[in-house]
Amino acid sequence: MNLKSIKDRYLPRLSPIKFNLLVLFGFVCWAIIFHSFLPKININRNMSSSSDQSSVLSKPRSVVKRVIPNAQNEGDGAIVRRSIGSMQLNRLDPFLLLDEFAVSPPAGFPDHPHRGFETVTYMFEGAFTHQDFAGNKGTIRPGDVQWMTAGRGIVHSEMPAGDGVSKGLQLWINLSSEDKMIEPRYQDLLKEDIKRAETDGVEVRIIAGESMGVKSPVFTRTPAMYLDFTLKPGSEWHQSIPESWNAFVYMIEGEGVFGSSDASPAEAHNLLVLGSGDGLKVWNKSSQPLRNEPIAQYGPFVMNTKAEIQKTFEDYHYHKNGFEKASQWRSEPVSR
Ligand code: FJE
Ligand code: FE
């Protein structure tokens, strides 16, 4: 086959190669005291010794349950994937509900009341505007968090701002009986104010609690840790979690291996309940991305530079550098 025939045969059929390889994965890891309503532990003091150079875990936690939430309607036409608070996982003390929401106007969560717990809203895409009966008003955008303590009572609306779809996570955390009637409070965390830390391809945003020696300023009345991790391909992380705390992982994007390295990978929208132990091991086993490599393509030859393509023409034409057998070989007729 000469170059002209290669061109005629293949060029019309080949389009530029696009790699659609998801290389990041993020997960949110929460941990909380098992009997959260008993001791009042200062989370920072409690955590400071434990954290967490991809630390040595003597009793790593395993995944004891996987929940794959179905999309359902909530509020006024809003779509949520409810993992905690569903039939599959009614409660994970003190977590009452976890919704991954996707909402486009005019849908939303119009005026409704809350009492006796906290809501934590973490935005991924779009924007959400919050208004309450005490005159508070604000909009959160991707990467921002609103930590709201409803306490004795709030009536509010949570509506998407802008035309497109708004996405995020909302978690409800119970308040102990003595805290249920406290004054309502907001802790707004803008993306820029959320501390980040990074080592060896592992990035963490510390919304509450501590990781990699970095602490969040958020006060969690019910002791809690909220970490958002992104692991590059091939990286691994060991995160300490206090032994008596309930913990779960929610997968946002990509594929992650949790608990043991031969576990089947978890995908986006999976919630993993962790068993007992002193921490969590996690791997991103996806292969290295090819995204940043340049492409020079001519028909069935795909290299990085034009010079390499020129060299490839020569190699193929003169049967060199890998094409040696091309001079002799012909396929056999296929019997029909
Ligand atoms: C609501 C019950 C509710 N999931 N995710 C009844 F839980 C809600 C509610 C939400 C909610 C709000 C956001 Cl921003 C994200 C959510 C349930 O507020 F509105 C009604 N009527
Ligand atoms: Fe609400």
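The values are calculated or read from the model by the stated rules, or taken from the named source; none is laboratory data. Just so you know, these numbers come straight off a predicted model, no measurement behind them. Heads up, the Cβs are rebuilt from the backbone with ideal geometry, glycines too, and the neighbour counts pull from every protein chain shown. Accessible surface areas use protein heavy atoms only, side chains included; no ligands, DNA or RNA. Shrake-Rupley method; radii C 1.70, N 1.55, O 1.52, S 1.80 Å.
Matching residues to (1) of a type outside the set (Lys, Arg); (2) in a strand (DSSP E or B); (3) under 30 Å from Ser235 (Cβ atoms):
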residue: Ser276; (1), (2), (3): yes, no, yes
residue: Leu280; (1), (2), (3): yes, yes, yes
residue: Lys285; (1), (2), (3): no, no, yes
residue: Ala307; (1), (2), (3): yes, no, no
residue: Asp315; (1), (2), (3): yes, no, no
residue: Asn321; (1), (2), (3): yes, no, no
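Within the stretch 258-267, work out how many residues are at pLDDT below 90 and open to solvent by less than 30 Å² (accessible area, probe 1.4 Å). Outline the logic, then answer.
Narrowing the stretch 258-267 to residues at pLDDT below 90: 265-267.
Restricting the remaining residues to those that are open to solvent by less than 30 Å² (accessible area, probe 1.4 Å) gives 266.
The qualifying residues number 1.
Kindly provide the set of residues from the stretch 76-128 that are open to solvent by less than 60 Å² (accessible area, probe 1.4 Å), without any contact (Cβ under 8 Å) to a residue 60 or more places away in the chain and not in a strand (DSSP E or B), ordered by number.
Of everything in the stretch 76-128, those that are open to solvent by less than 60 Å² (accessible area, probe 1.4 Å), without any contact (Cβ under 8 Å) to a residue 60 or more places away in the chain and not in a strand (DSSP E or B) turn out to be Gly77, Ser86, Pro105, Ala107, Gly126, Ala127.
Answer yes if at least one residue in the stretch 199-211 is of a type outside the set (D, E, K, R), in a strand (DSSP E or B), at pLDDT 90 or above and in contact with a Cys (Cβ under 6 Å, 6 or more places away or on another chain), and no otherwise.
For the stretch 199-211, residues of a type outside the set (D, E, K, R), in a strand (DSSP E or B), at pLDDT 90 or above and in contact with a Cys (Cβ under 6 Å, 6 or more places away or on another chain): absent.
Only one residue in Asp76, Asp132, Asp144 is among the charged types (D, E, K, R) and within 10 Å of ligand 1 (Cβ to nearest atom). Which one? Walk me through it before giving the result.
Details: Asp132 fails: within 10 Å of ligand 1 (Cβ to nearest atom); Asp144 fails: within 10 Å of ligand 1 (Cβ to nearest atom).
From the options Asp76, Asp132, Asp144, the qualifying one is Asp76.
Report yes if Arg91 is at pLDDT 95 or above, more than 11 Å from ligand 1 (Cβ to nearest atom) and among the basic types (Lys, Arg), otherwise no.
Details: at pLDDT 95 or above: no; more than 11 Å from ligand 1 (Cβ to nearest atom): yes; among the basic types (Lys, Arg): yes.
Criteria not met by Arg91.
Touching a helix residue (DSSP H, G or I) at 6+ places or on another chain (Cβ under 6 Å) and either touching a residue at least 24 places away in the same chain (Cβ under 8 Å) or surrounded by 20 or more Cβ atoms within 10 Å (Cβ to Cβ) (or both): is that true of Pro300 in this structure? Spell out the reasoning first.
On the way: touching a helix residue (DSSP H, G or I) at 6+ places or on another chain (Cβ under 6 Å): yes; either touching a residue at least 24 places away in the same chain (Cβ under 8 Å) or surrounded by 20 or more Cβ atoms within 10 Å (Cβ to Cβ) (or both): yes.
Against the criterion (touching a helix residue (DSSP H, G or I) at 6+ places or on another chain (Cβ under 6 Å) and either touching a residue at least 24 places away in the same chain (Cβ under 8 Å) or surrounded by 20 or more Cβ atoms within 10 Å (Cβ to Cβ) (or both)), Pro300 qualifies.
Quickly run through the stretch 212-234 and pick out the residues that are assigned to a loop (DSSP other than H, G, I, E, B) and buried (at least 20 other Cβ atoms within 10 Å of the Cβ).
To start, the set of residues in the stretch 212-234 that are assigned to a loop (DSSP other than H, G, I, E, B) comprises 212-213, 216-223, 232-234.
Answer for the stretch 212-234, where residues must be assigned to a loop (DSSP other than H, G, I, E, B) and buried (at least 20 other Cβ atoms within 10 Å of the Cβ): Met212, Ser216, Thr220, Thr222, Pro223.
Collect the residues in the stretch 157-181 that are among the hydrophobic types (A, V, I, L, M, F, W, C), farther than 23 Å from Pro69 by Cβ and open to solvent by less than 40 Å² (accessible area, probe 1.4 Å), keeping them in residue-number order. Before you say what the answer is, go through the steps one by one.
Kept after step one, since they are among the hydrophobic types (A, V, I, L, M, F, W, C), are these residues of the stretch 157-181: 159, 161, 165, 169, 171-173, 175, 181.
Okay, now just the ones that are also farther than 23 Å from Pro69 by Cβ, so 161, 175, 181.
Correct list: Ala161, Leu175.
Based on this model, can you work out whether Leu189 counts as within 16 Å of ligand 2 (Cβ to nearest atom), open to solvent by less than 30 Å² (accessible area, probe 1.4 Å) and either touching a residue at least 60 places away in the same chain (Cβ under 8 Å) or not hydroxyl-bearing (Ser, Thr, Tyr) (or both)? Let's see the steps before the verdict.
Numbers: within 16 Å of ligand 2 (Cβ to nearest atom): no; open to solvent by less than 30 Å² (accessible area, probe 1.4 Å): yes; either touching a residue at least 60 places away in the same chain (Cβ under 8 Å) or not hydroxyl-bearing (Ser, Thr, Tyr) (or both): yes.
Here the answer is no, as Leu189 does not meet what is asked.
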